[in-house]
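**Student:** One structure is given below, represented as structure tokens, and several questions about it will come after.
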Amino acid sequence: MQSDYSDWSPESPDVYDTSGAQATPLDTGTDLPQCIERDTPPAGFGPGQSFETCDVYLLPPSKDVGRVVLAAEGPNENDVTWTVK
């Protein structure tokens, strides 16, 4: 049995600044040259394939990204955390 990925959409990560405050996600509603928004995978997406998407976040001018957390999508899976050093 092959899984159906047609209704799957990637989860956005949680982004935190260097003080630990959560960054504000920005839904631009427009196409940025370096980041075209995509809420659903391309037609024919399935196991073993990948596609790129991106999210835009707002941080105070005096803060940098401190960490990014991508929540686990299934049982017995762990969140993935990237920490900026």
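The values are calculated or read from the model by the stated rules, or taken from the named source; none is laboratory data. These figures come from a predicted structure and were not determined experimentally. Counting neighbours? That spans all protein chains shown, and the Cβs are built from the backbone with ideal geometry, glycine included. Heavy atoms of the whole protein, side chains included, go into the accessibility calculation; ligands, DNA and RNA do not. Shrake-Rupley method; radii C 1.70, N 1.55, O 1.52, S 1.80 Å.
**Student:** Restricting attention to region 65-80, and to residues there that are at pLDDT 90 or above and farther than 14 Å from residue 11 by Cβ, which single residue is least open to solvent (accessible area, probe 1.4 Å)?
**Tutor:** Filtering first and then ranking leaves 66.
**Student:** Tell me which residues, restricted to region 44-69, are outside any loop (DSSP other than H, G, I, E, B) and of a type in the set (A, V, I, L, M).
**Tutor:** Of everything in region 44-69, those that are outside any loop (DSSP other than H, G, I, E, B) and of a type in the set (A, V, I, L, M) turn out to be 56, 58, 65, 68, 69.
**Student:** Which residues, taken from region 44-85, are within 14 Å of residue 18 (Cα to Cα) and hydrophobic (A, V, I, L, M, F, W, C)?
**Tutor:** Within region 44-85, 58, 59, 65, 68, 69, 82, 84 qualify.
**Student:** Something else: Looking at region 44-64, can you tell me whether even one residue there is small (Gly, Ala, Ser), open to solvent by less than 60 Å² (accessible area, probe 1.4 Å), on the phi < 0 side of the Ramachandran plot and modelled with pLDDT of 85 or more?
**Tutor:** No, there is no match, as no residue in region 44-64 is small (Gly, Ala, Ser), open to solvent by less than 60 Å² (accessible area, probe 1.4 Å), on the phi < 0 side of the Ramachandran plot and modelled with pLDDT of 85 or more.
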